[in-house]
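Accompanying notes for the structure given below.
The values are calculated or read from the model by the stated rules, or taken from the named source; none is laboratory data. What you see is a predicted model; the values in this text were computed from it and never measured. Here Cβ is always computed from backbone atoms with ideal geometry, including for glycine, and neighbour counts include all displayed protein chains.
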Amino acid sequence: MKILVCISHVPDTTSKINFSDDNKMFDNQGVQFVINPNDEFGLTRAMWFKEKQNATVDVINVGSSVTEPTLRKALAIGADKAIRIDSEPIDGFFVAKQISDYITSNPYDLIIAGRESIDYNGAMVPGLIAGLTKMNFITNCTNLEIENNFATLEREIDGGKEILTCNLPLIIGGQKGLVEESDLRIPNMRGIMQARQKPLDVIPCSDLDSKTKSIKFQKPAPREEVKLVSSDNLDQLIEMLHNEAKVL
Amino acid sequence: MSVLAYIESTKGIIKKNAFEIVSYSSALAKQLGIELIVLSINVDDNSELSKYGATRIVKVLNPELDNFDAKITGNVIAQVAKDINATHIVISSSVDSKYMAPLLTIDLEAGYLSNVVELPSNLNPFTVKRTSFTNKAFCDASIVSDIKIIGLSSNAFGIIENESTLSEEVYNPSLLQKNITLKSTEKISGKISIADADVVVSGGRGLKGPENWNLVEDLADTLGAATACSKPVSDMGWRPHSEHVGQTGKPVATNLYIAIGISGAIQHLAGINSSKVKVVINNDPEAPFFKAADYGVVGDAFDVVPRLNEKLKAFKAQNS
């Protein structure tokens, strides 16, 4: 089984978010970048397929050379090969088109992406790849088993979950549940050393087609100070929620 | 040219988020000076939508569409959109709509923005505000393709009453072949889901163990609220993953969010930031959540929550 894991290079979840002076770009000064958490759950699940079912695992990113440490980390965790499509990503469609073009000439049985990146939160790249390549697609995937080219999946829905089956090839949008937080792997020294020898192919981007543009960013307005209510005066809290906030 | 609003239903009943979708779409159609057409699937009675500005309903009635399939439903919407020459399509941020949206986007060669929170600030280029960086920021973004798909964030625009007269027509789409089989659905019965709730009561490590969750559940019962939890609580297995809210869990955009014994890690706050009013109950006055909340009570949850619950019951009894 050939697996491709799509890796988004995103600010660490604890990062303070700031923008350039003209508010047109994310200010990455002093920000630690990581594998997008939703992608990392999928990458770890892919490692299990590699170890238990002899899968090969490649990872792919659309980005400039600054994303290479993130791809090397994926290699150190255990991926066999990394591919970087050399371009600043413009929007979700652009990224999906690049990856679709790549997998059209380099087919895989299973593509794992995250349900969304935690930076731009577009939640569209895996679905757009599915639309472009006509592969089967399931997102919000919280469990995945594959036997003989046949997949059984669990999808989180509003207020519950459902069990789905389909044939490969398949693309999923993964999230926590594919593996647990405690299953995530920290690369060890041996993995880091090996990662340096593994292939990281850089290929040019195929075209510049995009559908949306981010124009400017803005942080939410500073909040008003919290209104503290004494624990001896809970009636006041109810009164404020009723008359002032109007939510009761 | 027209605006197409797609509204969701469960078992023939319109979902609550439809009223906000129609309110937004009606305002959008007015701003663009074009007609609004509302699409419902397997809903017999659409009359309630006329309260929010819907005038023309396209009904698709086909039992094969009862079980949601993103590709097939997306393609039905695409067929209707082409038929009525829709230039703007508005959908919700439900799990199903977010699943279907990118497939619809490709079917229509459209451009799609999710998590949109306002009407367009500019029509040329078509520019809307959306949340990004998991609610830590807003982004003004434009869609440059001819057909535009807008995924509206829930509770962002609100409901606007606008009584109208409704006309209905039935549309018979062709259905794509099913490639994905639904084996079973498991809904947590008798409980309101986080996505549908107006109020969410959420518990953290401060509750000390799963055996104390009756505090959260009792308060939620009184308020008709959904229950949720912080990440450590779901990681430790005290509560199911489906209740975990935050950056890697579920996003919450509710009217009232009550956090009990949750310190307020930045990832948790990001996930609940879109909620309108936040109340925190925590015995640590230094807990970061107090900086992100609207109302706070410094106190022991085991003392405060039962008393608050009793008082709320009395309040509800009086005001119902």
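Data for the structure
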| item | result |
| --- | --- |
| Residue selected from the stretch A:223-248 under the condition hydrophobic (A, V, I, L, M, F, W, C) and in a loop (DSSP other than H, G, I, E, B), by the criterion farthest from the other protein chains (Cβ to nearest Cβ) | A:LEU248 |
| Members of the stretch A:204-222 found to be at the interface with chain B (Cβ under 7 Å from one of its Cβ atoms) and of a type in the set (Gly, Ala, Ser), listed by number | A:SER214 |
| Any hit, the stretch B:279-298, residues being more than 10 Å from chain A (Cβ to nearest Cβ) and assigned to a helix (DSSP H, G or I) | no |
| Selection status of B:ILE262, closer than 28 Å to A:THR13 by Cα and more than 8 Å from chain A (Cβ to nearest Cβ) | yes |
| Residue in the stretch B:254-274 that is among the β-branched types (Val, Ile, Thr), assigned to a helix (DSSP H, G or I) and farther than 17 Å from B:THR222 by Cα present | yes |
| Matching residues, the stretch B:128-142, being assigned to a strand (DSSP E or B) and within 22 Å of the chain's Cα centre (by Cα) | B:VAL128, B:LYS129, B:ARG130, B:THR131, B:SER132, B:ALA137, B:PHE138, B:CYS139, B:ASP140, B:ALA141 |
| Residue list for the stretch A:193-222, restricted to those being surrounded by 12 or more Cβ atoms within 10 Å (Cβ to Cβ), over 23 Å from the mean Cα position of the chain (by Cα) and in a loop (DSSP other than H, G, I, E, B) | A:PRO220 |
| Single unsatisfied condition, A:ALA123 versus (1) outside any loop (DSSP other than H, G, I, E, B); (2) among the hydrophobic types (A, V, I, L, M, F, W, C); (3) closer than 14 Å to B:TYR99 by Cβ; (4) within 10 Å of chain B (Cβ to nearest Cβ) | (1) |
| Strands (runs of 3 or more DSSP E) wholly inside the stretch A:42-117 that include at least 1 residues being more than 16 Å from the chain's Cα centre (by Cα) | A:56-63, A:81-86 |
| Count of residues meeting criterion [at pLDDT 95 or above, part of a loop (DSSP other than H, G, I, E, B) and surrounded by 14 or more Cβ atoms within 10 Å (Cβ to Cβ)] in the stretch A:179-192 | 4 |
| Elements of type strands (runs of 3 or more DSSP E) in the stretch B:1-110, at least 3 residues being out of contact with any Lys or Arg (no Cβ under 9 Å at 6 or more places or on another chain) | B:2-7, B:56-60 |
| Cβ pairs under 6 Å, 6+ apart, first in the stretch B:114-143 and in contact (Cβ under 8 Å) with a residue 60 or more places away in the chain, second surrounded by fewer than 20 Cβ atoms within 10 Å (Cβ to Cβ) and of a type in the set (Ser, Thr, Tyr) | B:PRO120/B:THR127 |
| Matching residues in the stretch B:250-259 - criterion: being within 7 Å of another protein chain (Cβ to nearest Cβ) and either among the aliphatic types (A, V, I, L, M) or under 30 Å from A:ASP39 (Cβ atoms) (or both) | B:LEU256 |
| Test: residue in the stretch A:164-178 that is surrounded by fewer than 15 Cβ atoms within 10 Å (Cβ to Cβ) and in a loop (DSSP other than H, G, I, E, B) | no |
